[in-house]
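*Asks:* Below is a structure I'd like to ask you about.
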Amino acid sequence: MFLNFPGDKERMKKESYPKRLVRAALIGGAYVALAMIFAPISFGPVQVRVAEALTLLPWLWVEAIPGLFIGCIIANFLGGFGIIDVVFGSAATLAAAILTSRMPNRYLAALPPVAVNALVVGGYLSVLLEVPLFLTVIYVGVGQVAACCGLGIPLLSIVERRFRDGGR
């Protein structure tokens, strides 16, 4: 279920599979909860999905990847934009999470969720809502910068300090 990356092998030897599975489930649940609590600003062409701050966690924990993916599937299913949002939005989150896990530092870890979601989510929202592509890409991108850089990088710093031995 979990992807193996070179930096994680040592940590994965120390941590049990159930512990990593629970961490993935908690991240997924937190993603859904944050997306729904902030639903008015989580969906649509102009959005700041607060839950996207969690998309930097794969930089610390590879098990965050499936947690974010499943959490995004559930949130998008509940969000009201239909199967296109469920499939493409969740695939964008999965791709961004995998890329994030491979970034060299926490600041660059914010780049994949911003870029991938701006292009993918902005692209299909443009079609669904009949809004110019340029505008939806910019709107989603700015919201992603707010969530990932404004909330995600500070969150990652706090989590990294708190779980120093469980991170990179």
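*Asks:* What about Val116, is it in contact with a Phe, Trp or Tyr (Cβ under 9 Å, 6 or more places away or on another chain) and either under 17 Å from Arg49 (Cβ atoms) or not in a helix (DSSP H, G or I) (or both)?
*Replies:* Values: in contact with a Phe, Trp or Tyr (Cβ under 9 Å, 6 or more places away or on another chain): no; either under 17 Å from Arg49 (Cβ atoms) or not in a helix (DSSP H, G or I) (or both): yes.
Answer is no for this residue.
*Asks:* Which residue pairs have Cβ atoms under 8 Å apart, sit 6 or more places apart or on different chains, and have a first residue in region 151-163 that is closer than 19 Å to Val62 by Cβ and a second that is of a type in the set (S, T, N, Q) and modelled with pLDDT of 95 or more?
*Replies:* Gly152/Thr55
*Asks:* Determine the pairs where a residue that is at pLDDT 95 or above, located within region 25-40, has a partner that is among the basic types (Lys, Arg) and not in a helix (DSSP H, G or I) with Cβ atoms under 7 Å apart, the partner being 6 or more residues away or on another chain.
*Replies:* Ala35/Arg49
*Asks:* Just checking, does region 13-23 include any residue being surrounded by 19 or more Cβ atoms within 10 Å (Cβ to Cβ) and among the hydrophobic types (A, V, I, L, M, F, W, C)?
*Replies:* Looking for residues that are surrounded by 19 or more Cβ atoms within 10 Å (Cβ to Cβ) and among the hydrophobic types (A, V, I, L, M, F, W, C), one finds none in region 13-23, hence no.
*Asks:* Would a scan of region 25-34 turn up a residue that is out of contact with any helix residue (DSSP H, G or I) (no Cβ under 7 Å at 6 or more places or on another chain), within 21 Å of Val140 (Cα to Cα) and part of a helix (DSSP H, G or I)?
*Replies:* yes
*Asks:* A further question follows. Could you pull out the residue among Ile73, Ile83, Ile138 that is crowded, with 20+ Cβ neighbours inside 10 Å and either free of Cβ contacts under 8 Å to residues at least 40 places away in the same chain or not aliphatic (A, V, I, L, M) (or both)?
*Replies:* Numbers: Ile83 fails: crowded, with 20+ Cβ neighbours inside 10 Å; Ile138 fails: crowded, with 20+ Cβ neighbours inside 10 Å.
Being crowded, with 20+ Cβ neighbours inside 10 Å and either free of Cβ contacts under 8 Å to residues at least 40 places away in the same chain or not aliphatic (A, V, I, L, M) (or both) holds for just one of Ile73, Ile83, Ile138, which is Ile73.
*Asks:* Please work out which residue is farthest from the chain's Cα centre (by Cα), limiting yourself to region 44-79 and to residues that are part of a helix (DSSP H, G or I), β-branched (Val, Ile, Thr) and over 25 Å from Pro132 (Cα atoms). Explain how you work it out, then say what you get.
*Replies:* Applying the first criterion (part of a helix (DSSP H, G or I)) to region 44-79 yields 50-59, 64-79.
Retained after the next criterion (residues that are β-branched (Val, Ile, Thr)): 50, 55, 65, 70, 73-74.
After this cut, where a residue has to be over 25 Å from Pro132 (Cα atoms) as well, the list is 55, 65, 70, 73-74.
Values: Thr55: 3, Ile65: 8, Ile70: 10, Ile73: 11, Ile74: 13 Å.
Per the stated criteria, the residue is Ile74.
The values are calculated or read from the model by the stated rules, or taken from the named source; none is laboratory data. Here the structure is a predicted model, which means the values were calculated and not measured. All Cβ positions, even for glycine, are placed from backbone atoms using ideal geometry, and neighbour counts span all protein chains on display.
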